[in-house]
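So the structure is just underneath, and the comments pick up after that.
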Amino acid sequence: MATIDVEDESILTAIFKDSFPESWKENQDFVHYLSELSSFGLEKLAGEPDRLLDEKSQVLKETQNLAFQHYKTFIQTAECSREIFEDFQIIEKHVGNLLEKLPKFSEDCNKVLKKAQEISSSRRMNSLTLQRHTQLLEVLEVPQLMDTCVRNGYFDEALELASHVKRLEKKHSNIPVIANIVTEVKSSAQLMLNQLIQQLRTNIQLPACLRVIGYLRRMDVFTEAELRIKFLQARDTWFQGILRVIPQEDAYVHITKTIEASRVHLFDIVTQYRAIFSDEDPILGAGKDDSINEAALFHGWIVQKVSQFLTTLENDLSRGVGGRLDSILGQCMYFGLSFSRVGADFRGLLAPVFQTAALNGFISALSQANKRFEDNMRSYNLLSTTATVGSLSYVPAGQANQLLPPTVLLDFYPLAAFCNDVLTAFNELRLCAPLSLACNVAQALQTSTCEINRIILAFNRAEETTFDKREKELFMKFCSGYAHELLPYFNHCLQLLFPISQLAQVLGVTVSEVAKMGTIAQIDINVVVSQIQHLVPKQEERVHVADVDAFTEQSSTVAPSGVDQSDAVVTETSTTQETEYSKPEHSKPEHSKVIFATGNEEETKTEDESQTLELQSHQENALSSNIDTSLSTDIASVLIESLNLKDNTDKETDETTD
């Protein structure tokens with residue numbers, strides 16, 4: 001390729017300054033021609049314009065000839081060029097559209113490719129699934145198989161399935177099917193847990209308890225402390241259900257059945273707990289959390305059950321058990337002895353309960369006795385004294401046979417009835433009479449006698465203005481019998497209930513020192529009598545029986561107002577092994593256990609003496625029977641000392657007697 005030298009170029013530039021455009025400099029023909037032109041001589045260079053003109057005209061002529069000869073070709077070429085130009089425009093437009101649609105087409109292609117890959121992968125998975133159909137079916141049937149095992153009680157197989165599912169969950173937790181299987185298996189495991197706990201709420205024996213707790217431990221849903229709590233809660237639910245079905249209408253029946261159920265079933269629960277959970281095993285205790293005292297859980301539960309039993313015992317005893325306190329005490333002591341074998345001896349806690357029950361029962365009996373005495377005094381008539389009192393021997397309280405109540409009380413029905421009521425209270429108290437109640441019993445009895453004083457004073461104020469000489473003498477004898485006979489007799493009964501020797505032993509002093517203490521466990525007669533001192537004659541001024549005999553002979557022909565002589569009866573109550581003073585069904589006043597009419601004045605003296613002797617024998621036998629059954633000489637054998645349990649034979653004998 002010819003190029004212009006720098007020197008030639010500078011020369012040409014100087015010669016042909018602005019004579020040709022810049023674009024010609026890049027034209028090879030122009031450059032070649034300039035190179036040739038620069039090599040011409042002067043002559044040739046001078047004739048060069050003419051030659052160029054001739055050549056131009058020749059070329060023009062040839063061009064015209066060519067155009068004339070080939071004008072059709074030029075036309076076709078022009079048309080073809082036009083068509084090609086138009087086609088190129090169309091192509092350019094289509095290419096533009098194509099360029100616009102190529103990105104979307106590329107995306108669609110990518111989607112198709114991805115879908116094809118998914119289809120291929122799915123096909124491959126389907127093929128693999130078809131090959132592993134049996135294994136997959138086994139995995140999918142695990143929830144149904146688990147549910148069947150749980151509902152049919154095949155807990156070992158159910159636990160194995162649950163363990164297998166746990167392993168699958170650890171390996172394939174991201175697979176939705178495995179996640180669904182795990183959820184369903186957990187639901188069946190919860191059902192199994194409920195069934196196992198429900199079994200603990202039934203009458204289940206120790207081998208079954210061991211199996212159930214073993215299953216619960218394998219399930220690994222509770223810690224050791226939580227498992228113990230669940231066991232105690234479930235067994236306690238079953239135990240409370242047994243207690244709830246015990247009839248509560250009769251307090252004695254309820255407490256006896258409660259004692260028996262508590263003794264048997266609580267002992268079984270304790271035995272089961274100790275067989276299942278070992279608090280002394282060093283292997284099990286090595287990894288325990290020191291912050292949880294698992295042994296204290298059981299001890300706390302035992303304390304709660306004992307407290308619950310004592311509360312039930314207090315409630316039932318407060319309702320009244322009909323004088324069978326000793327039988328209940330024996331059963332409770334046997335219950336406590338049974339619990340002592342498992343280290344839960346609560347017999348020491350029974351003392352305050354039975355002391356309170358015995359004292360409350362005694363106070364209640366005294367309250368009823370006071371009320372009955374007040375009712376009797378409202379209808380009492382001093383002139384209705386029995387006609388044969390004078391023929392009875394006078395037995396003062398200081399005589400040898402101190403077990404007999406004063407016979408002078410037969411003259412006055414209110415005092416005799418009150419004495420019977422108090423003796424009945426003593427009979428109930430002696431069945432369970434701890435020495436610690438000695439002072440309380442004496443104080444309660446003294447309070448009761450002070451209430452009797454109030455009733456006597458009220459009677460005196462109401463009737464004093466209407467008293468004649470005979471009624472005043474009888475009322476003085478009434479008060480004398482109360483102060484000098486009945487009150488000392490009550491003190492004697494208290495001495496039999498609470499012997500001085502035993503009180504001295506408990507207090508750690510001698511008998512003589514106890515005697516010097518004065519009114520310990522006794523009624524202070526001076527304090528009681530001081531309230532009615534003006535109504536009580538001195539000991540030597542008391543009305544003698546002979547005086548009463550003279551009075552009764554004078555009044556024997558006078559029947560008390562409103563009394564039918566045919567109503568005079570002799571009654572004796574033998575069903576309770578006590579003789580009580582009772583009055584006839586009519587509205588006549590009650591005076592003595594023995595009430596009899598004066599009879600016909602024409603009866604012979606022999607018949608009167610025979611009736612008198614018969615009545616005297618009957619009254620003495622009645623009083624003897626009363627005191628023998630009330631305060632027997634072996635009363636000390638039923639006292640509760642140190643809360644020692646009686647033999648089972650004694651307990652059974654007491655229950656049979658009750």
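Here are the numbers:
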| quantity | calculated |
| --- | --- |
| Relative counts (whole %) of C-alpha pair distances in region 133-221, using bins that are 10 Å wide | 16, 48, 25, 9, 2 |
| Nitroxide proxy distance, nm - points 7 Å out along Cα→Cβ at ILE175 and ILE520 | 8.9 nm |
| Packing-based ranking, highest mean first, of 25-33, 335-343 given that Cβ atoms within 10 Å are counted | 335-343, 25-33 |
| Cα centroid separation, region 149-222 to region 417-466 (Å) | 70 Å |
| Karplus-derived HN-Hα couplings along region 49-59 (A = 6.51, B = -1.76, C = 1.60, θ = phi - 60°), whole Hz, x at Gly and Pro | x, 5, 4, 5, 5, 4, 5, 5, 5, 5, 5 |
| Pairwise FRET efficiency - GLU184 versus GLN240, Cβ, R0 = 35 Å, nearest 0.05 | 0.50 |
| Options LEU52, SER120, TYR33, ranked by Cα towards positive dipole end of region 23-133, top entry (Cβ charges) | SER120 |
| Sequence ranges 406-419, 173-186, 321-334, 444-457, ranked by mean other-Cβ count within 10 angstrom, highest first | 406-419, 321-334, 444-457, 173-186 |
| Cβ-based exposure ranking for PHE74, PHE155, PHE68, PHE498, in which fewest neighbours within 10 Å come first | PHE68, PHE74, PHE155, PHE498 |
| Burial ordering of TRP24, TRP301, TRP238, fewest other beta-carbon atoms within 10 Å first | TRP24, TRP238, TRP301 |
| Cut-off 13 Å between beta-carbons: net charge of the residues surrounding LEU486, Lys and Arg +1, Asp and Glu -1 | -2 |
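Where a number appears in this text, it was derived from the coordinates with a stated rule and is not lab data. Owing to the predicted nature of the structure, the values given are computational and were not obtained by experimental measurement. So basically every Cβ, Gly included, is an ideal-geometry build from the backbone, and we count neighbours across all protein chains shown.
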